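*Asks:* Quick one: this structure, given as structure tokens, is what I'll be asking you about.
No value in this document is a laboratory result; all are computed from the given coordinates. None of these values were measured; they are calculated from a predicted model. Neighbour counts run over all protein chains shown; Cβ positions are idealised from the backbone, glycine included.
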Number of protein chains: 2
Amino acid sequence: MHAFEVLRDPVRRRILELLADGERASGAVAEVIGREFAITQPAVSQHLKVLRDSGLASVRVDGARRIYALDTSPLQEVDAWLERFRRFWEPRLDSLAAEIARGKRRDT
Amino acid sequence: MHAFEVLRDPVRRRILELLADGERASGAVAEVIGREFAITQPAVSQHLKVLRDSGLASVRVDGARRIYALDTSPLQEVDAWLERFRRFWEPRLDSLAAEIARGKRRDT
DNA sequence: TAGTTATATTAGCAAATCCTAAATTAACTC
DNA sequence: GAGTTAATTTAGGATTTGCTAATATAACTA
């Protein structure tokens, strides 16, 4: 599944924001999301599965708990797709600053 | 409609790529997309409507033609959402370069 | 004006999405 | 082991999506 399909859902975007602050148990995620979006724990679990299957999150077992962590590779792809559009809003920079700004060619 | 919902569809992402190269008549878009994705002209027209309604494209009338142009504000929102995740893959830079890289605080 | 070209809109359908409720799995605790 | 806690999975349904075919609108062209 393409990252954009995963990111389409606001619940999943919010889960990723939570995971960006550090790993969390499934239940801790479900508690926050359930409160913010008024959905049940199984619904959150299903969203976590989508994140797992699409490579945006990984799980670690800790006793009866499942600890979720963010995996950012698919987000990097999204970032790369946006690259071709940035010229429409990013300020023009001189060439060295531009190279740094784009995070490119740091060692070529 | 949130930009991420619009970007979810690969046809619409491709249309935005085309428009990034310059404005195009509806028919010209339909020709390329129809060939690449094997869908009909009305289907493309419906996607163009979604892009219009979500503020990602604007139209100009030229006789019987409708000329579409890219509007990037919603893409900037996507870019902004990604910002909080960039620290996971962007190289650490010294503070001045980081400011430039993030395109922030250019005049404060 | 009649026909053609360019494009949008509508109706309807198949597939996908996201939810809840119920059932299941697995690990702790007494 | 029995009960409890943590989490996932499954079944089913309402809603949304994206398509095609048909139709409509509007502007050129002979």
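*Asks:* Tell me what the protein assembly as shown gives for mean residue ellipticity at 222 nm when only DSSP H runs of n ≥ 4 count, each as -39,500 (n - 2.57), the sum divided by the residue total, rounded to 500 deg cm²/dmol.
*Replies:* Working: 12 runs with 123 residues, N = 216.
Mean residue ellipticity, 222 nm, calculated: -17000 deg cm²/dmol.
*Asks:* For peptide B:86-92, what's the mean number of Cβ atoms from other chains within 10 Å of each residue's Cβ?
*Replies:* Details: counts 5, 2, 7, 6, 3, 3, 0.
If you average over the peptide's residues, the count of other-chain Cβ atoms is 4.
*Asks:* Over all residues in B:8-14, what is the mean tally of Cβ atoms on other chains that come within 10 Å of each residue's Cβ? Don't jump to the answer; show the numbers that get you there.
*Replies:* Details: counts 8, 4, 3, 0, 1, 3, 0.
Rounded to a whole number, the mean comes out at 3.
*Asks:* At A:Arg60, label 7 Å along Cα→Cβ: distances to the other copies, nm, ascending?
*Replies:* When each copy's label point is compared with this one, the spacings are 5.5 nm.
*Asks:* Testing the spin-label approximation: label points 7 Å from Cα along Cα→Cβ at A:Gln46 and A:Arg84. State their distance in nm.
*Replies:* 3.4
*Asks:* Let me ask you something else. To test your reading of the geometry: what angle, between 0 and 90 degrees and rounded to tens, separates the Cα axis of helix A:73-83 from the longest principal axis of chain A?
*Replies:* 40
*Asks:* With the calculation restricted to Cα positions, what are the radius of gyration and Dmax of the stretch B:5-83 in angstrom?
*Replies:* 12.3, 42
*Asks:* Using 18 Å as the cut-off for backbone N distance, which residues of the stretch B:8-51 belong to the label zone defined by a point 7 Å from the Cα of B:Ala64 along Cα→Cβ?
*Replies:* So the set is B:25-31, B:41-42, B:45.
*Asks:* Still on this structure, I have one more. Give the angle, between 0 and 90 degrees and rounded to the nearest 10, that separates the Cα long axis of helix B:26-37 from the longest principal axis of the Cα atoms of chain B.
*Replies:* Approximately 80 degrees, to the nearest 10.
*Asks:* Which net charge results for the neighbourhood of A:Gly27, defined as the other residues with beta-carbon distances under 10 angstrom from its beta-carbon, given Lys and Arg at +1 and Asp and Glu at -1? It would help to have the intermediate numbers written out before the result.
*Replies:* On the way: positive: A:Arg24, A:Arg65, A:Arg66; negative: A:Glu31.
Within the 10 Å Cβ shell, the charges total +2.
*Asks:* Would you mind giving the average projected area, over all directions, of the Cα convex hull of the protein assembly as shown in nm² with one decimal? Don't jump to the answer; show the numbers that get you there.
*Replies:* Working: hull surface 63.3 nm².
Answer in nm², one decimal: 15.8.
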